[in-house]
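Nothing in this text is a laboratory measurement; each read-out follows from the coordinates by a stated rule. Given the structure is predicted, the values throughout are model-derived calculations rather than measurements. Because the Cβ atoms are built from the backbone with ideal geometry, glycine has one as well, and the counts that use them run over all protein chains shown.
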Amino acid sequence: MSTAEYDIRRATAADLDGIRTLLDTCGLPASDLTAQSLDGFYVAVRDAKIVGVAGLEPAGDAALLRSVAVQPGLRASGLGTRLSNASIALAQARSLGALYLIPNDEVAQLFFARRGFTRIERNDVPEAIRALPEFTHLCPQTHPCWWKPLNSDCA
């Protein structure tokens, strides 16, 4: 299925309920999301329904890439790649030094490895990122951490 059928755009406050519904369907945390926290989020929309999401949660000079989800029946359609690429481009436009994430399963780890992310020890993640809810209590401490430097200063 072509991703041309989907509109990928910046999220708005009106998208909050749809984003939460999709994240819940995909088993990803959403309890900490507010309309204000959607500033760094993108959504994929089809027929006025949110079918994909990805977001940046900035902390210091880096950000957590979080909530990357695609409606189960639409996975492997390219939407996850387009949403992730949009988020990475936004992070670069905002001059962030690196992105961090906590993939929830092996499929997610492979997906992000193909996009240049590598595993990092939790203790090596900057304190500002480790203080975010996904690190402190929303994601299991046993899940691995991954990162992608966005400039040579972070490599």
In nanometres, what is the gap between the two model label sites at Asp7 and Thr81, each 7 Å from Cα along Cα-to-Cβ?
2.4 nm
In whole Å, how far is the Cα centre of the stretch 65-105 from that of the stretch 1-48?
12 Å
Which residue, Ala76, Ile88, Ala54, has the largest displacement toward the positive end of the dipole of the chain when charges sit on each Cβ (Lys, Arg +1; Asp, Glu -1)?
Ala76
Label Ser37 and Asp61 with points 7 Å out from Cα along Cα→Cβ: what is the distance between them in nm?
2.6 nm
May I ask for the equivalent-ellipsoid semi-axes of the stretch 24-79, computed as the square root of five times each C-alpha gyration tensor eigenvalue and listed largest first in whole Å?
21, 12, 11
Using +1 at the Cβ of each Lys and Arg and -1 at the Cβ of each Asp and Glu in the stretch 96-155, identify which of Gly97, Ala113, Pro140 lies farthest towards the dipole's positive end.
Ala113
Any number yet on Rg/Rh for the chain, C-alpha, Kirkwood?
0.93
